[in-house]
Amino acid sequence: MEYMSMIIIFFFNNIHANKVHDWIRLETHKFAMGFPPLILRSIFLLSLLLSLVQSRSYTSSPNIKLPGDALALSVTDFGAIGDGIHYDSSAIQSAINACNLHYTTSSSICRVTFPPGTYLTAKLHLRSGVLLDVTENAVLLGGPRIEDYPAEISSEWYVVVANNATDVGITGGGAIDGQGSEFVVRFDEKKNVMVSWNQTGACLGDECRPRLVGFVDSTNVQIWNITLREPAYWCLHIVRCDNTSVRDVSILGDFNTPNNDGIDIEDSNNTVITRCHIDTGDDAICPKTYTGPLYNLTATDCWIRTKSSAIKLGSASWFDFKGLVFDNITISESHRGLAMQIRDGGNVSDITFSNINISTRYYDPSWWGRAEPIYITTCPRDSSSKEGSVSNLLFVNVTIDSENGVFLSGSPNGLLSDIKFRNMNLTLRRWSNYSAGLVDYRPGCQGLVNHSATAGIIMEHVKGFSVENVDLRWSDGDLNSAWNVPLEFRPSTVTNLSFVGFSSGLLHESV
């Protein structure tokens, strides 16, 4: 097996002659099917001859560094055209499978490279030890047809997915594009109406669309230096994975498309997200717990704009969230800033938000959120749901410019406890024309509730809230908009309050 691997490595690193290309691939396939060693020796000799007279037709970026002697296979050597019209699925999958064979025989990472071009594809299965190298000026383009995503259930619909893989990832400086606009039934500046592939009953409403990239039950996952754009549904989905790194990734969704999430981290532990740019219609960074707890997530140095929540825990929250850190994040003109929607009985603890700039504004009420810069809720999803709790949250060095105030709402058996605000500046002012005066409990709970005044901080069912060095200001041009309630709470449901260095008053803006 080691000898076979060596020959295949030599062959794919050196063969580029067009006239003998197809014959060599055919003979390699025959060898794998058990043909005599004579054919193998012929392939080897021909490979050696061609290597002496030809240079590589394409070389990937030298900035990509991989452990060991990494093999690189170009998808064009397997027949990919890259014209954006003809499907290259089979050629790409063959390259991935060949790379995986190399990994299993040598334990060395293998790279599948995409030269400049547009590669139309149906669903691809990424394998262990394989790194997709979508190089600069290359685009991996997801197909728009339901037959491009064969599966019994919609949870298996991805353009690229790795299941039970180890040492796997995506990089290269190019783009993976889901052609999200092809799934729009009706374009609408408020919220697009999307296609629904719900013939099997496996999903509901307009959520029956393919995700862009997924890693499921995988270990040692790396995604870096890549653009993920125009997903039809969720963009990057991390499911029950351990040891995942997402860095220097741009996620560009459609601002008017629902369920256009940026990064969904589900039941996964030891995840690091850093230096990412996320501009999308729905939740940008969204940890969830469906089948198990989520521990040790760190997100740093990111820029986010979204029509939903920039960072949101939930709303899927059947298990615990613990040990999460969000640092040096810029949130620009989003519908919500830092959010927790705990609806299913899971508990949240030991979460830090530090060095964060938040700008939140109103958008159409059809989107969840009413411009809350910080939004923490634990009301149960329905009458059969349990009440989870939230404890030990630290917000430190946070600057807020918002059209609405902070909303902290626990529930009778799901209290918010030990919430700390340190070194914060909150500025409340209006600049959009959307209606105000509503409190948003969605999903479930009470829905949208009319509220007479816009308060700086609203609290319900809180046990332990401390403030230190917090300044709250509201615009002096909006006195008719009821900016006159710095704090709103009922003493019967809110206890153990501590305020040190808290100030509030008018913001005198210069003209």
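The values are calculated or read from the model by the stated rules, or taken from the named source; none is laboratory data. A quick note: this is a predicted structure, and the numbers were derived from the prediction, not measured. Every residue, glycine as well, gets a Cβ built from its backbone with ideal geometry; the counts of neighbours run over all protein chains shown.
Report the residue count in the stretch 388-423 for those that are among the small types (Gly, Ala, Ser), crowded, with 23+ Cβ neighbours inside 10 Å and outside any strand (DSSP E or B). Number of matching residues: 3.
Take the stretch 282-301 and flag every residue that is of a type outside the set (Lys, Arg) and under 12 Å from the mean Cα position of the chain (by Cα).
Kept after step one, since they are of a type outside the set (Lys, Arg), are these residues of the stretch 282-301: 282-287, 289-301.
If the condition is that a residue be of a type outside the set (Lys, Arg) and under 12 Å from the mean Cα position of the chain (by Cα), then ASP282, ASP283, ALA284, ILE285, CYS286, PRO287, ALA299 are the ones that fit.
Of everything in the stretch 312-363 that's touching a Lys or Arg at 6+ places or on another chain (Cβ under 7 Å) and touching a residue at least 60 places away in the same chain (Cβ under 8 Å), which residue is farthest from LEU415 (Cα to Cα)? So the residue we want is TYR363.
For every residue, the table says whether it meets (1) in the same structural domain as GLY174 (by TED's automatic domain parsing); (2) surrounded by fewer than 23 Cβ atoms within 10 Å (Cβ to Cβ); (3) of a type in the set (Phe, Trp, Tyr); (4) more than 19 Å from TRP368 (Cβ to Cβ).
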residue	(1), (2), (3), (4)
GLY253	no, no, no, no
ASN256	no, yes, no, no
ASN260	no, no, no, no
ASN270	no, yes, no, yes
PRO287	no, no, no, no
THR291	no, yes, no, yes
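Between VAL221, VAL160, VAL185, the distinction of being outside any loop (DSSP other than H, G, I, E, B), aliphatic (A, V, I, L, M) and more than 22 Å from ILE251 (Cβ to Cβ) belongs to VAL185 only. Restricting attention to the stretch 452-461, the residues that are over 21 Å from VAL398 (Cα atoms) and either of a type in the set (A, V, I, L, M, F, W, C) or surrounded by fewer than 18 Cβ atoms within 10 Å (Cβ to Cβ) (or both) total 2. Residues that are at pLDDT 95 or above and surrounded by fewer than 21 Cβ atoms within 10 Å (Cβ to Cβ) within the stretch 195-224 comprise VAL216, ASP217, THR219, ASN220, GLN222, TRP224, listed in sequence order.
Does the stretch 165-184 include one or more residues that are at pLDDT 95 or above, touching a Phe, Trp or Tyr at 6+ places or on another chain (Cβ under 6 Å) and assigned by TED's automatic domain parsing to the domain that holds TYR87? Break it down stepwise before answering.
Let us first name the residues in the stretch 165-184 that are at pLDDT 95 or above, namely 165-184.
From what's left, touching a Phe, Trp or Tyr at 6+ places or on another chain (Cβ under 6 Å): 171.
Imposing the further condition that a residue be assigned by TED's automatic domain parsing to the domain that holds TYR87 reduces the set to 171.
Looking through the stretch 165-184, at least one residue is at pLDDT 95 or above, touching a Phe, Trp or Tyr at 6+ places or on another chain (Cβ under 6 Å) and assigned by TED's automatic domain parsing to the domain that holds TYR87.
Under 30 Å from SER108 (Cβ atoms), surrounded by fewer than 24 Cβ atoms within 10 Å (Cβ to Cβ) and of a type outside the set (Gly, Ala, Ser): does that describe ASN192? No, not satisfied. LEU204 meets all of the listed conditions (1) free of Cβ contacts under 8 Å to residues at least 24 places away in the same chain; (2) touching a helix residue (DSSP H, G or I) at 6+ places or on another chain (Cβ under 9 Å) but one, namely (2). Just to verify a result, which residue in the stretch 293-308, among those that are farther than 24 Å from ASP217 by Cβ and not hydroxyl-bearing (Ser, Thr, Tyr), is surrounded by the most Cβ atoms within 10 Å (Cβ to Cβ)? It comes out as LYS307.
One residue alone among SER359, SER402, SER354 is over 21 Å from VAL325 (Cα atoms) and in the same structural domain as SER466 (by TED's automatic domain parsing), and that residue is SER402. Which pairs do you get when a residue that is more than 15 Å from ASP301 (Cα to Cα) and free of Cβ contacts under 8 Å to residues at least 60 places away in the same chain, found in the stretch 262-276, comes within reach of a residue that is among the acidic types (Asp, Glu) and surrounded by fewer than 24 Cβ atoms within 10 Å (Cβ to Cβ), reach meaning Cβ atoms under 8 angstrom, with the pair 6+ apart or on two chains? Partner pairs satisfying both residue conditions: SER268/ASP242; ASN269/ASP242; ASN270/ASP242.
Screening ASP206 with (1) over 19 Å from CYS286 (Cα atoms); (2) part of a strand (DSSP E or B) gives one miss only, at (2).
What residue, of LEU120, LEU140, is assigned to a strand (DSSP E or B) and closer than 24 Å to CYS276 by Cα?
Working: LEU120 fails: closer than 24 Å to CYS276 by Cα.
It is LEU140.
If you take the residues of the stretch 424-441 that are over 14 Å from PRO373 (Cα atoms) and not hydrophobic (A, V, I, L, M, F, W, C), which of them is surrounded by the fewest Cβ atoms within 10 Å (Cβ to Cβ)? Applying the filter and picking the extreme gives ASN433.
Among the candidates PHE183, PHE215, the residue that is out of contact with any Gly (no Cβ under 8 Å at 6 or more places or on another chain), farther than 17 Å from ASP282 by Cβ and among the hydrophobic types (A, V, I, L, M, F, W, C) is uniquely PHE215. For the stretch 369-387, filtered to residues that are in contact (Cβ under 8 Å) with a residue 60 or more places away in the chain and outside any loop (DSSP other than H, G, I, E, B), the residue that is nearest to LYS307 (Cα to Cα) is TYR375.
The number of residues in the stretch 321-339 that are buried (at least 19 other Cβ atoms within 10 Å of the Cβ) and either on the phi > 0 side of the Ramachandran plot or in contact with a Gly (Cβ under 6 Å, 6 or more places away or on another chain) (or both) comes to 3.
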